[in-house]
Amino acid sequence: MQQPPPPPSEPPRGHGPANSHWDGSGGGHDPRDGHRDGGGRGPGDGHGQGPPSGGGHGHSHSHGHGPAAPVSQHLRKVIAAVLIPFATAVVVGMVVLWPGGAPGHERTGVGFDRQTQSATVTKIEEVDCSSVNASGVPPTGDTSTAEGSSAQQQANGTCKKATVRVDTGKDKGRTFTEIVQPDQSRQLRQGQEVVVAYEPAAPKDLQYSVTDVNRRFPLALLAGIFALAVVVVGRLRGVMALVALAISFLVLTFFILPAILQGSNPLVVAVVGASAIMLIALYMCHGLSARTSVAVLGTLISLLLIGLLGSGFIGWADLTGNTDDNTGLIHGLYPDIDMSGLLLAGVIIGSLGVLDDVTVTQTSAVWELHAANPSMGWRGLYRAAIRIGRDHIASVVNTLVLAYAGAALPLLLLFSIAQSSVGTVANSELVAEEIVRTLVGSIGLVASVPVTTALAALVVSADRPGTPTTESVPAPARAGRGRRRKR
């Protein structure tokens, strides 16, 4: 019986980097993330996993699958020489400025500075407003005014008398009544959970009053849906993003806010706290790599630019930062707080989240372009990646402006009702604050694109890890039924 011919020997391996491309026809997929093409038929068909057989030659070909390729030892040292002192300065700054808790004060009973308890509406009765002395007489007798119309509606309308039970605190189980006007925006209903304010110095019948609705359950449910969506779509990276978000919230709650209340410079506290949040969030979500480190450097440079611009224009425009009841209450309780510095701190922290997005995207774009064409120089990488960045700039700036405009929409409506000119509206401190906040943050975002792109292009183009030391073995004549790969 005729014996089958022995199988052809294993082709010599090329001497390129680990991600190599083996030319031939077998097309088996190398576990090192390259393609092998043997001259004959290997056990794997097409992109099978078996080793190829037959003649072939090694051909280096980089692929962009999986994590970024490691950079050389020299570049690691350069990046570390910049980031390690910066991270050390952040840690030292947090230790020096650590507040140890917010300073205490006597409650004023105004706004958020009140004692509150949870309560439940147990009963609702409809009563005539005049019987509970809830109506008022228009001062001028003119019902065409807003004040007169409201008083007339209360005089002729039906009010609600709500019985409310206190569910927490030392007066748990105590009940009181609350009169709800017919034109009141929030109407109570039986069984509704509410938040009540407690004023111990008031007469006993007036110590408790309904101030808000208890909306903790819908907010918690919405937060759970958000977390689930992030984990389902992002998987492990989504979990790390949620952990980084929680740590960022802890830094904000236990360091930034108490340190500002304790009298530390808000700008210094914001820079140190924002830098800590940036380092934690970026490295937790994207890993400890050169790619992430370049994004950190780009974000840091952009934050410094935002701080300088914000400081200059907030001072030049004479913005005090004390423009509403909440900031007025803060200034009254803690007069030593620099309110304009607090405004600048808000600008820096508010810009950080969008900056992270822009710098990480640009760095990843440069890395992927380099993986697709390793021979491209830094100028070519920069030109290609900056085109991606221009699209990103247009969408991000528009998003930032609309976000601020949406937050200030009720204020803009008031100016519209007053029929004020655009110049008058823009010149008011309330709107000028938002304009400075928006434009300073947007300038920092725009600047982050060329800065981060240039840094990333310089890093990847200067890197030469794994340079081959010998020539690849030339390919012998092809055999078997393999097809030649197109080049």
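The values are calculated or read from the model by the stated rules, or taken from the named source; none is laboratory data. None of the values given here were measured: they were computed from a predicted structure. Note that each Cβ is placed from the backbone with ideal geometry, even for glycine, and that neighbours are counted across all protein chains shown.
May I ask you to say which residue of ILE386, ILE443 is modelled with pLDDT of 80 or more, assigned to a helix (DSSP H, G or I) and within 21 Å of LEU308 (Cα to Cα)?
Sole residue among the options that is modelled with pLDDT of 80 or more, assigned to a helix (DSSP H, G or I) and within 21 Å of LEU308 (Cα to Cα): ILE443.
Given the criterion in a helix (DSSP H, G or I), over 26 Å from LYS77 (Cα atoms), touching a strand residue (DSSP E or B) at 6+ places or on another chain (Cβ under 7 Å) and modelled with pLDDT under 90, identify the matching residue among LEU267, LEU329.
Result: LEU329 is the single residue among LEU267, LEU329 that is in a helix (DSSP H, G or I), over 26 Å from LYS77 (Cα atoms), touching a strand residue (DSSP E or B) at 6+ places or on another chain (Cβ under 7 Å) and modelled with pLDDT under 90.
Check off (1) in contact with a Lys or Arg (Cβ under 8 Å, 6 or more places away or on another chain); (2) at pLDDT 85 or above for ARG107 and give me the number that stays unchecked.
All conditions are met except number (2).
From (1) surrounded by fewer than 19 Cβ atoms within 10 Å (Cβ to Cβ); (2) within 26 Å of the chain's Cα centre (by Cα), pick out the condition that doesn't hold for ALA371.
Here ALA371 clears every test but (2).
Considering only the range 298-338, state which residues are farther than 23 Å from ALA274 by Cα and small (Gly, Ala, Ser).
Listed by number, the residues that qualify are ALA317, GLY328, GLY332.
Could you identify the single residue in LEU288, LEU261 that is under 26 Å from LEU75 (Cβ atoms) and either at pLDDT below 85 or surrounded by 23 or more Cβ atoms within 10 Å (Cβ to Cβ) (or both)?
Just one listed residue meets the conditions, LEU288.
Select, from ILE393, ILE330, ILE349, ILE386, the only residue that is farther than 26 Å from GLY238 by Cβ and in contact (Cβ under 8 Å) with a residue 60 or more places away in the chain.
ILE386 is the lone residue from the list that is farther than 26 Å from GLY238 by Cβ and in contact (Cβ under 8 Å) with a residue 60 or more places away in the chain.
Select, from ALA345, ALA276, the only residue that is of a type in the set (Gly, Ala, Ser), in the same structural domain as LEU369 (by TED's automatic domain parsing), over 14 Å from ARG437 (Cβ atoms) and part of a helix (DSSP H, G or I).
ALA276
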